[in-house]
1. Being touching an Asp or Glu at 6+ places or on another chain (Cβ under 8 Å) and open to solvent by 60 Å² or more (accessible area, probe 1.4 Å) is the requirement here; does residue 640 meet it?
2. In region 428-447, which residues are in a strand (DSSP E or B) and either within 28 Å of residue 310 (Cβ to Cβ) or within 18 Å of the chain's Cα centre (by Cα) (or both)?
3. For region 53-125, which helices (runs of 4 or more DSSP H) that fit wholly inside it have 1 or more residues that are surrounded by 19 or more Cβ atoms within 10 Å (Cβ to Cβ) and under 22 Å from the mean Cα position of the chain (by Cα)?
4. Being at pLDDT 95 or above and open to solvent by 60 Å² or more (accessible area, probe 1.4 Å) is true for just one of 653, 714, 684, 706. Which residue is that?
5. Among the candidates 373, 381, which residue alone is in contact with a Gly (Cβ under 8 Å, 6 or more places away or on another chain), at pLDDT below 95, part of a helix (DSSP H, G or I) and of a type in the set (D, E, K, R)?
6. Do you know which residues across region 134-156 are within 32 Å of the chain's Cα centre (by Cα), part of a helix (DSSP H, G or I), touching a residue at least 24 places away in the same chain (Cβ under 8 Å) and farther than 13 Å from residue 198 by Cβ?
7. When region 161-198 is examined, which residues are found to be under 19 Å from residue 77 (Cα atoms) and of a type in the set (A, V, I, L, M, F, W, C)?
8. Restricting attention to region 405-416, does a residue exist that is assigned to a loop (DSSP other than H, G, I, E, B) and either surrounded by fewer than 17 Cβ atoms within 10 Å (Cβ to Cβ) or without any contact (Cβ under 8 Å) to a residue 12 or more places away in the chain (or both)?
Amino acid sequence: MKFDLEGLTVHFPYAAIYPEQHAYMGELKRALDARGHALLEMPTGTGKTAALISLITSYSLANPSRPLRLLYCTRTVHEMEKTLAELRLLFSHLPPAASRSLLALGLSSRKNLCVHPQASASAARDSVDTACRRLTASWVREKAASDPESTPLCEYFESFDRAAAAGDLASFMPPGVYTLADLRSLGRERRICPYFLARQMVKYANVVVYSYQYLLDPKVASIVSREMQKECVVVFDEAHNIDNVCIEALSVSVRKQTLEGAERNLRRISQEIDRFKATDANRLRAEYNRLVDGLAQRGNLPISDAWLANPSLPDDILKEAVPGNIRKAEHFLAVLKRLVRFLDGRLETENVENEMPVSFVASIHSQAGIDQRMLRFCYDRLHSLLLTLEITDTDEFMHIQTICDFATLIGTYSRGFSIIIEPYDDRMPEVRDPVIQLSCHDASLAIQPVFDRFQTVVITSGTLSPIDLYPRLLNFNPVISRSFTMSLTRDCICPMVLTRGSDQLPVSTKFDMRSDPGVVRNYGRLLLEMASSVPDGIVCFFVSYSYMDGIVNSSNEMGILQDIMQHKLVFIETPDVVETTLALDNYRKACDCGRGAIFFSVARGKVAEGIDFDRHYGRLVIMFGVPFQYTLSKILRARLEYLRETFQIKEGDFLTFDALRQAAQCVGRVIRSKADYGMMIFADKRYSRHDKRSKLPGWILSHLHDAHLNLSTDMALHTAWQFLRRMAQPYDKAGSGGKKTLLTEEDLQDMARDAMEM
């Protein structure tokens, strides 16, 4: 369909549009007009992706003199593929002239794009990267030119290199939409490397869909997204955890195994230096001369030689010469050895230590003789040395790279970080596992360059409540900030707060109550009653793996688990990805064949973040407890202190906000479209308190009736029966009168006419 939105012709790939999509597009257009940032919360299953790409693509087509490019960031490859599928549908509804001129593609790691039979055979991402470098590094190709028989090359990369040199890459990728599978097929068919082809073509694409890290992690962003222009619109989809992604991008952990691996790396580098001194001393001399001239890196590296970049943010990288005392390879090696010895000594502590970067750098200077400037240049100097020594096995050198990451970050930043040294994990004090953690506390550090660089950044998700906390956490001023509700012709969502069991004993996962046999029994009885009454799939989320294990064991001992399995099969998420994938497949099979199943999962786990339980796969989701973070964590305590001092965010407010957004994300898995229906049970008495409940998204709160705020198990069961009976009745999907939930072109024209008359 095609309609007018405040003077803009919008091309939309469906015959009808939801009212909230129309309103969402309106707010998005105002943000684009104002060239500012937007913060938009819209319920799951209401077509955020279709609304976003339709509006931005239409806006770009309507302004050919100021064409916008869309950088669409997703968390997972699965979400990337869904976005590209929506783009393909949209492009098929655009005017032929427009669709023939637009290019959209997905970009992922070599592991997801490599088509070389041997290189792509490795299971680990780092191994695929290394296998690729062994076949494509510039020195490998130089050697192959003189000795082609004994030096294997990648024919796909050679084809790419020839096309790039001839300026002929566009002929390999005509306008259209390219998913990861399309890129791999194109690579095999045209015998060209799809990874490097996609890397080059993102400069010219109108729409690029890739991972958050390609913009937020400085090590990746400065290589992949360096040439993106200010006229780009950046969208972070499912961005409820974006502050955690930013923090992880600038945090580093160093363990005993890291230091042992770094020592092995340094011995190998030392051997390589000795070998080059004996066979090709000129190469080391040329590197030294380049560093004397003030060049930390060579000029334009070949695309196949570009490794990970400096971990500091672009504006914080020193634009000056490398210090004289680390220019020579052997001198730099001696510095790294002293640094590794110093860190090894700090790991021997028996007590938890918490230091700021300034004092930690001062202690490195006094005990190891390494000053701040040397630390800041560690990463660039290591990168330069590995290139000089022609080392391709990059996965082997991850340990020394981690040490140089750590050194560069502590040498660069004095605020927003702390160094926490723990001799053991608080939850397992009997097992000694020392760790030095450089922890970033300020999420705004990683995302600030994105806000500064691009004219419009859109942060959107189904669970951004309370929405006013994100501008403070990320330190930005959105021109548009709005939360939308879901327009429905029937109440297909039924949230309930269960505060007590059938025996009237309160239920909660509070620390002083969670192990109480009465609480465990009531949780087990709740699940048993629901398993006997709710058809198809039930998904249960627990606050942690350990608590889930405890509930399962106790229910088994009480005989409740056996009773549950009389009604439905039980599948459990584990930390192992393969086991969990197998459990999910079997869970779906059990739901498909009518047997019904229950899936036990964990808040903050892989399933809670990325798996949809739509239709019969999820008729009920139970959130057992409030998923607070582990509040005794030293890293969390340090971050809470920083948030309180810097942004005036109270500890309790942040902890509750974080727990409730995780709970909302878990229960939101059950509704993925308006034709779907499902129930949500918040099984903890704390949800009945207004300060907790009010932080749930508005689209959940609007369906949470007062009568459902303080239920016992038998009352919840009765409510479930009533709800399922209502859902069995026929209903009008489009709605009628003032409650229309599907708007056609005629409806939109009538709305526009009414608005003009008013």
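The values are calculated or read from the model by the stated rules, or taken from the named source; none is laboratory data. These figures come from a predicted structure and were not determined experimentally. Using ideal geometry, Cβ is built from the backbone for each residue, glycine included, and neighbour counts are taken over all protein chains shown. We work out accessible area using only protein heavy atoms, side chains counted, and drop any ligands, DNA or RNA first. Shrake-Rupley method; radii C 1.70, N 1.55, O 1.52, S 1.80 Å.
1. no
2. 434, 435, 436, 437, 438, 439, 440
3. Helices (runs of 4 or more DSSP H) meeting the threshold: 77-92, 110-113.
4. Unique residue meeting the criteria: 714.
5. 373
6. Those that are within 32 Å of the chain's Cα centre (by Cα), part of a helix (DSSP H, G or I), touching a residue at least 24 places away in the same chain (Cβ under 8 Å) and farther than 13 Å from residue 198 by Cβ: 134, 136.
7. Listed by number, the residues that qualify are 177, 180, 181, 183, 186, 196, 197, 198.
8. The answer is yes, given that some residue of region 405-416 is assigned to a loop (DSSP other than H, G, I, E, B) and either surrounded by fewer than 17 Cβ atoms within 10 Å (Cβ to Cβ) or without any contact (Cβ under 8 Å) to a residue 12 or more places away in the chain (or both).
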